[in-house]
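For reference, the structure discussed in these notes is given below.
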Amino acid sequence: MNNPLASFERPQVKGMLALPTGIFIATEVGLYQLQGALLSEVSTWHNQPVKGIAASPQGYLLLLESDNGQTLYLCDEQWQVRHELPCPPGETIKCLHSQDTFILAGTKHGVFRLPLDTENAPEASSWQCLFKDFGGWGEVLWIHSENSQHIRASIKKLAPDAKPALIETRDGGISWQVEAAADYQDLMLAANDQHWISRWKGIRQRHATSGYKKHPLTAAWLSTEDWALLDGNKLEYQQAGQAILSFTHPLLAEAKWLYPLHQQNAFLIAGVQGAYLVEPGKGSVSDLFTGITLPGGLGKLKQVFELDDGVRLATATYGTFRSEDGGNTWKPADAEWSVLNAKHLIRSDDGRWWLGCQRALFVSDNNGQRWRYIKLKLEQMPHYAELSGGLAIIGDQLFIGSKTGLLVTQLNDPERVSRVAAFGTQAIKSLFTDQDHKHLLVNNELKMEVAS
């Protein structure tokens with residue numbers, strides 16, 4: 001069977017809105033509604049790059065994003081346009097939330113508020129800045145509000161040291177409580193008055209300390225009594241204080257949105273890989289876009305690597321694939337994570353291939369047919385955050401460049417990792433070896449250094 005790489009493409013999900021009437025899914029090629037297990041298109045926004053959606057008392061908010069910029073709309077209950085709304089001047093909207101009489105927008109630099117006039121479209125000058133990071137960071141990941149006075153938001157990086165933070169106001173933005181994370185990239189994925197869930201430390205009571213997770217969390221959902229999270233390729237969830245349950249599947253890794261469907265005993269999982277209905281009790285994961293006519297050119301092809309004997313490995317937002325005929329036909333690779341955000345590939349003398357991804361390390365001992373996840377055990381703090389600084393092999397040691405230092409491990413025991421003390425917790429940009437593979441060239445955030 002001829003399987004070109006394009007046959008596996010799936011639309012990237014950009015946002016999700018869960019309501020009693022159904023769940024709406026914003027994608028790079030339109031807006032869809034999930035009712036039960038059936039996904040259908042909202043025809044008004046056919047083939048449109050929908051970046052974000054939110055409910056409003058008048059209907060819905062919808063944000064389009066293309067190469068020409070962003071356009072914000074106030075829609076009625078049938079998703080028909082009522083008004084085009086101005087975007088915050090000089091800002092890029094990252095998330096939306098609506099209150100009774102205001103629109104809240106999280107941007108690359110802070111939180112902004114716009115009075116919502118049901119009859120007339122407001123002016124761009126009506127946007128008010130509630131919170132801004134004047135150090136140049138401040139990207140908002142999500143915003144929630146209990147009422148017009150109580151607003152809570154997750155910040156990706158906050159000055160002065162680029163750490164994530166949870167910000168909260170109970171007086172409508174006049175004053176803010178800022179709770180910065182202790183570690184780089186430990187993003188706050190969900191929070192309420194009792195608990196919070198972060199990328200590297202999982203769920204815990206607010207202000208309590210905890211150890212690091214072996215996998216990075218990419219999505220979480222939290223209510224008063226229940227919670228769910230994606231821990232690498234594993235879904236973990238707990239309902240009303242009952243036993244914690246889990247379900248593992250390669251398609252779960254790197255998903256950004258997670259929502260429980262209690263009546264179906266299922267979960268909606270969505271992200272760069274598309275949208276899937278996960279039913280742990282049945283052990284099934286169903287592609288919700290199956291049977292839907294989609295345009296070409298979906299998702300992103302990230303990397304194509306050359307393995308031994310002419311075999312090629314392609315990593316994309318919609319999965320990881322292997323070709324034995326020069327790229328004419330492809331098959332999904334057998335990987336513990338379907339989506340591998342691969343950065344670097346290196347071969348050891350024993351024929352194994354080592355794949356450095358943004359948040360994980362994988363190895364294959366059969367020329368890319370199967371990729372096994374390496375559970376790195378790093379005793380020294382802080383966490384490595386990202387493995388984006390390259391791979392290098394000298395003798396029987398594998399060196400890994402990370403956002404928080406240079407790591408080293410033994411090829412015959414790769415799970416046990418230590419930090420090379422000479423480089424501290426500096427971000428490593430790239431790694432090389434000399435021609436004899438005896439010296440390591442390290443490009444860190446300060447300068448290029450040679451290590452023996």
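What nm value, rounded to one decimal, do you get for the distance between Thr209 and Asn366 when each label is placed 7 Å out toward the C-beta?
4.4
Amide H neighbours of His439 under 5 Å, at least 5 residues apart or on other chains, H built in the peptide plane: list them.
It is Asp434, by chain and number.
Under the classification rounded if a/c is under 1.5, otherwise prolate if a/b is larger than b/c and oblate if not, where does segment 61-108 fall, given a ≥ b ≥ c as square roots of the Cα gyration tensor eigenvalues? Display every interim value, and only then the final one.
Values: a/c = 2.11, a/b = 1.26, b/c = 1.67.
The shape class here is oblate.
List, in order, the whole-Hz ³J(HN,Hα) value for each residue of segment 240-246 obtained from phi through the Karplus relation with A = 6.51, B = -1.76, C = 1.60 and θ = phi - 60°; use x for Gly and Pro.
6, x, 6, 4, 6, 10, 9
Amide H of Trp137 versus every other amide H placed in the peptide plane: which residues, excluding those fewer than 5 positions away on the same chain, fall under 5 Å?
Answer set, sorted by chain and number: Ala159.
Are there chymotrypsin sites (Phe, Trp or Tyr not before Pro) in segment 125-198 that DSSP marks as loop and that have at most 13 other Cβ atoms within 10 Å, and which are they? Don't skip to the end; give the middle numbers.
Details: sites: Trp127, Phe131, Phe134, Trp137, Trp142, Trp176, Tyr184, Trp196; in loops: Trp127, Phe134, Trp137, Trp176, Tyr184.
Hits after loop and neighbour filter: Phe134.
Hey, could you get me the Stokes-Einstein D for segment 376-452, Kirkwood radius over alpha-carbon pairs, 37 °C and 0.692 mPa s, rounded to whole µm² s⁻¹?
On the way: Rh = 12.2 Å.
Estimated via Stokes-Einstein, D reaches 270 µm²/s.
Mind checking the full-extension length gain between Asn47 and Asp325? Use 0.36 nm per residue of separation minus the Cα-Cα distance, one decimal, nm.
Stretched fully, the Asn47-Asp325 segment lengthens by 96.8 nm.
Each residue of segment 284-297 in turn: what ³J(HN,Hα) in whole Hz from Karplus with 6.51, -1.76, 1.60 and θ = phi - 60°, glycine and Pro shown as x?
With the stated coefficients, segment 284-297 comes to 10, 10, 10, 6, 6, 8, 4, x, 8, 6, 10, x, x, x Hz.
Could you pull out the GluC sites (Glu not before Pro) across segment 101-159 that fall in loop regions by DSSP (anything but H, G, I, E, B) with no more than 13 other Cβ atoms inside 10 Å? Display every interim value, and only then the final one.
Numbers: sites: Glu119, Glu123, Glu139, Glu146; in loops: Glu119, Glu123, Glu139, Glu146.
For GluC sites (Glu not before Pro) across segment 101-159 that sit outside H, G, I, E and B with at most 13 neighbouring Cβ atoms in 10 Å, the list reads Glu119, Glu123, Glu146.
So how much slack lies between Gln128 and Thr290, counting 0.36 nm per residue of separation and subtracting their Cα-Cα distance, in nm?
Working: separation 162, 0.36 × 162 = 58.32 nm, distance 4.30 nm.
Here the answer is 54.0 nm.
Can you list the residues, at least 5 places off or on another chain, whose amide H is less than 5 Å from the amide H of Ala360, using H built in the peptide plane?
Placed amide hydrogens put Leu387 under 5 Å from Ala360.
Got a sec to turn the phi values of segment 202-213 into Karplus ³J(HN,Hα) couplings, 6.51 cos²θ - 1.76 cosθ + 1.60 with θ = phi - 60°, whole Hz, x for Gly and Pro?
x, 8, 7, 5, 4, 6, 8, 9, 7, x, 8, 7
No value in this document is a laboratory result; all are computed from the given coordinates. Since we're looking at a predicted model, the values are computed, not measured. When we count neighbours, we look across all protein chains shown, and the Cβ atoms used for this are built from the backbone with ideal geometry, even at glycine.
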